[in-house]
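Down below is the structure, laid out as structure tokens.
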Amino acid sequence: MDIKEFIDDWLEASNEYDTNRYLEMYHQDAFLDDTSVGRKFKGHEGIRNYFESYFIGYNTQIRLKDLIIKGNTAHLEVEFTGDFPEGEIGGIFDFTFREGRIAEAKADLVS
């Protein structure tokens with residue numbers, strides 16, 4: 001698995017609001033913990049809710065600032081822009097991959 005290529009595809013699906021393509025990048029039983037919203041999202045149904053609420057709902061766009069890959073994990077430093085009070089804010093994602101898809105994700109905002 002080429003993690004850099006995977007991340008590029010994930011960013012493209014995110015920024016194009018392609019819900020089906022976005023979900024295909026996650027295992028059916030994946031979970032996403034976003035401490036900035038205080039919730040955990042489980043499986044495709046939960047992750048769909050997260051994506052539609054916080055990405056599509058706020059017209060969020062993501063720009064990659066840094067990527068650190070170690071084994072089957074990736075740490076992304078990103079910049080979010082969108083229709084939310086800050087307008088622009090930093091963030092992170094930590095992904096753990098299994099069988100070519102995201103199995104676990106942690107997200108947070110950083111100022």
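Of the residues contained in segment 59-74, none is found to be acidic (D, E) and over 22 Å from G100 (Cα atoms).
Restricting attention to segment 93-102, which residues are under 11 Å from the mean Cα position of the chain (by Cα) and surrounded by fewer than 17 Cβ atoms within 10 Å (Cβ to Cβ)? Don't jump to the end; show me each part of the working.
Our first condition is that a residue be under 11 Å from the mean Cα position of the chain (by Cα); within segment 93-102, this holds for 93-95, 102.
D94 - this is the single residue of segment 93-102 that is under 11 Å from the mean Cα position of the chain (by Cα) and surrounded by fewer than 17 Cβ atoms within 10 Å (Cβ to Cβ).
Considering the conditions (1) aliphatic (A, V, I, L, M); (2) touching a helix residue (DSSP H, G or I) at 6+ places or on another chain (Cβ under 8 Å); (3) free of Cβ contacts under 8 Å to residues at least 60 places away in the same chain, V78 is excluded by exactly one of them, (2).
Residue-by-condition table, conditions (1) touching a residue at least 24 places away in the same chain (Cβ under 8 Å); (2) part of a helix (DSSP H, G or I):
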site: R21; (1), (2): no, yes
site: L32; (1), (2): yes, no
site: R48; (1), (2): yes, yes
site: Y54; (1), (2): no, yes
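Can you pull out every residue in segment 57-87 that is of a type in the set (A, V, I, L, M) and surrounded by 14 or more Cβ atoms within 10 Å (Cβ to Cβ)? If you could, list the steps in order and put the result at the bottom.
In the first step, residues of segment 57-87 are kept if they are of a type in the set (A, V, I, L, M); the result is 62, 64, 67-69, 74, 76, 78.
Listed by number, the residues that qualify are I62, L64, L67, I69, A74, L76, V78.
The set of residues from segment 1-39 being over 12 Å from F55 (Cβ atoms) and among the hydroxyl-bearing types (S, T, Y) comprises Y26, T35, S36.
Step by step: first the residues of segment 61-111, then only those that are of a type in the set (G, A, S) and in a loop (DSSP other than H, G, I, E, B), then the one that is nearest to F31 (Cα to Cα). Which residue is that?
Quick first cut of segment 61-111, residues of a type in the set (G, A, S) only: 71, 74, 82, 87, 90-91, 100, 103, 105, 107, 111.
The next check asks that each one be in a loop (DSSP other than H, G, I, E, B); those that pass are 71, 82, 87, 100, 111.
On the way: G71: 19, G82: 24, G87: 27, G100: 15, S111: 24 Å.
Restricting to residues being of a type in the set (G, A, S) and in a loop (DSSP other than H, G, I, E, B), the top hit is G100.
Any read-out appearing in this document is the output of simple, stated calculations on the displayed coordinates, not a laboratory observation. Keep in mind it's a predicted model, so treat the numbers as computed, not measured. Here Cβ is always computed from backbone atoms with ideal geometry, including for glycine, and neighbour counts include all displayed protein chains.
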